[in-house]
Amino acid sequence: MFFINSFLSSLSHDVGIDLGTANTLVLVKGKGILIREPTIIAQHKKTRQVLAVGAEAKRMIGKTPSMISVIRPLRDGVISDFDATESLLKYFVSKIHESRSIIPKIPRPRVVVGIPSGVTEVERRAVQDATIRAGAREAYLVEEPMAAAIGAGLPTEEAKGSMIVDIGGGTTEIAVISLGGIVINRSVRVAGDEMDQDIINYARSRYNLLLGERTAEEIKISIGSAYPVDKESKIAIRGRDLASGLPSSVVVTSGEIREALSNTVRVVIEAIKDTLEETPPELVSDIMENGITLAGGGSLLPGVAELTAKETKMPVIVAEDALTCVVRGAGKVLENASLLRRIKICGGAR
Ligand code: ADP
Ligand code: MG
């Protein structure tokens, strides 16, 4: 009997989910990260029928007929659309579930979901209910900075201060963690999306050129920087000339793009400095020793770590595989009974 039970539970595939403002990742215990998709859903405006999810929905941005809306329900780190969030979760969980449906009676998975720390109690409940409705046996919620710190391998359980800065799409989450808990936490609604917007604004005001969001993101990823680290480069950008209304192209330098991004980068760094100022001195000296860890897609912007180090006078490290820290942290929580229990005590499960 014991054997059968443990065999069944090994098939139950406990699941960790990073419900990010830009990207959702799903990890299945024992199998690794199986899903990495944008947190985007395309729906029919009237019937709310789901037309596309993830990468397929992202391709529709800026190209939809009037009856289709493309939504990013967590864009600002809060849940702006409960139904869309539930549809997203259902879609991702069902994708994992599909492969199992041939074998009946396999226990449904336990699911740990990493959510932005800014979501309200009502929103937490909604995510939890949606996860259960999506097919989870038990649903636990973990705050993203905690999951990111665990995923980045920081000594979160020790009596030692660790600082994690997760620069995502819609939000930057900054937290100081010690003894398994968040001591100080700050969430600002400025991150990768805002940088894309900076590039759009720059092209409009400097070159009278209208860019789409996806083009702006591509420019940021190809030549964006926060600090002069690489060799300077140039890129041709295409958009619509605002005067003639016709397609047009200009060449911009990496220096121009860096200048365009600088205000947003500065807001992020100021938030880190403010958080350090509020941090108790004992913990600051730990951070001084071990450094500030950056995670999330925004931490991949070249020079962001160098500039942060210069401005804070602290060592700064970009976490390994920065885009997957949260989901790997959620996965580690699943494997660790005492961590899972603590999340439960904190009101995670019901
Ligand atoms: P979230 O957790 O909020 O879903 P992610 O951690 O997935 O966000 O990060 C997404 C953000 O990171 C997007 O704004 C994306 O443009 C940005 N990003 C991804 N790769 C890079 C890169 N190489 N350089 C700069 N920004 C990047
Ligand atoms: Mg994230």
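None of the figures in this text is laboratory data; all of them are computed from the coordinates on show. As the structure is a computational prediction, the values presented were derived from the model and not from experiment. When we count neighbours, we look across all protein chains shown, and the Cβ atoms used for this are built from the backbone with ideal geometry, even at glycine.
Please list the non-local residues whose amide H lies under 5 Å from the amide H of Ala152, H modeled 1.01 Å from N, same-chain partners needing a gap of 5 or more.
For Ala152, whose amide H was placed from the backbone, there are no distant partners under 5 Å.
Provide the FRET efficiency to the nearest 0.05 for the Asp129-Ala55 pair, computing r from the beta carbons and using R0 = 25 Å.
On the way: r = 27 Å, r/R0 = 1.06.
So, using R0 = 25 Å, E works out to roughly 0.40.
Show which lysines lie in cross-link reach of Lys45 when reach means a straight Cα distance below 23 angstrom and same-chain residues fewer than eight apart are skipped.
Lys58, Lys63, Lys90
Select from the stretch 228-323 those trypsin sites (Lys or Arg not before Pro) which occupy a DSSP coil region and have at most 11 other Cβ atoms within 10 Å, ordered by residue number. Mind dumping the intermediate values first?
On the way: sites: Lys231, Lys234, Arg238, Arg240, Arg258, Arg266, Lys273, Lys310, Lys313; in loops: Lys231, Lys313.
Sites meeting the loop and neighbour criteria: Lys231, Lys313.
To make sure I understand, if each residue's beta carbon is the centre and we count other beta carbons within 10 Å, what order do Ile41, Ile272, Ile164, Ile182 fall in, fewest to most? Numbers along the way, then the final one.
Numbers: Ile41 25, Ile272 22, Ile164 29, Ile182 17.
The most exposed by this proxy come first: Ile182, Ile272, Ile41, Ile164.
Give me the Å³ per residue figure for the convex hull around the C-alpha atoms of the chain.
Details: hull volume 50.3 nm³, N = 350.
Per-residue hull volume (Cα only) is 144 Å³.
Among Ala260, Tyr202, Gly62, whose Cα lies farthest out toward the positive end of the dipole of the chain, if unit charges sit on the beta carbon of Lys, Arg (+1) and Asp, Glu (-1)?
Of Ala260, Tyr202, Gly62, it is Gly62.
Val112's amide H: which non-local residues (gap 5+, or another chain) put their own amide H closer than 5 Å, with H modeled 1.01 Å from N in plane and none for Pro or chain starts?
Here the answer is Val15, Gly16, Ile17, Tyr140, since their amide H atoms fall under 5 Å of that of Val112.
Are there any helices in the chain, counted as whole DSSP H runs, that stretch 20 Å or more along their axis by Cα and score at least -1.0 on average by Kyte-Doolittle, and if so which? Walk me through the numbers before you get to the answer.
Details: long enough: 82-98 (23 Å, -0.08); 192-207 (22 Å, -1.32); 254-278 (35 Å, -0.14).
The answer, listed by residue number, is 82-98, 254-278.
Calculate the dipole size of the stretch 245-311 relative to its Cα centre from +1 charges on Lys and Arg beta carbons and -1 charges on Asp and Glu beta carbons; express the result in debye to the nearest 20. Could the numbers behind the result be given before it?
Details: 4 positive and 11 negative charges, 86 e Å.
That gives the stretch 245-311 a dipole magnitude of about 420 debye.
Can you give the relative contact order of the stretch 81-202 as a percent, counting alpha carbon pairs under 8 Å and 6+ residues apart?
Worked out over the stretch 81-202, it gives 19 percent.
If packing is taken as the average number of other Cβ atoms within 10 Å across a peptide's residues, how do 192-200, 278-286 rank, most packed first?
Details: 192-200: 22.7, 278-286: 14.7.
Ranking the peptides 192-200, 278-286 by packing returns 192-200, 278-286.
Check the straight Cα-Cα distances from Lys31 and name the lysines below 19 Å, setting aside those fewer than 8 residues away within the same chain.
Within the straight-line limit of under 19 Å, Lys31 reaches these lysines: Lys95, Lys332.
Please count, across the stretch 130-283, the pairs of lysine residues with Cα atoms under 26 Å apart that sit 8 or more places apart or on different chains. Present the calculation step by step, with values, prior to reporting the outcome.
On the way: Lys160/Lys273; Lys220/Lys231; Lys220/Lys234; Lys220/Lys273.
Lysine pairs meeting the criterion: 4.
Put +1 on the Cβ of each Lys and Arg and -1 on the Cβ of each Asp and Glu in the chain; which of Gly169, Thr312, Ala295 then has its Cα farthest toward the positive end of the dipole?
So the residue furthest toward the plus end is Gly169.
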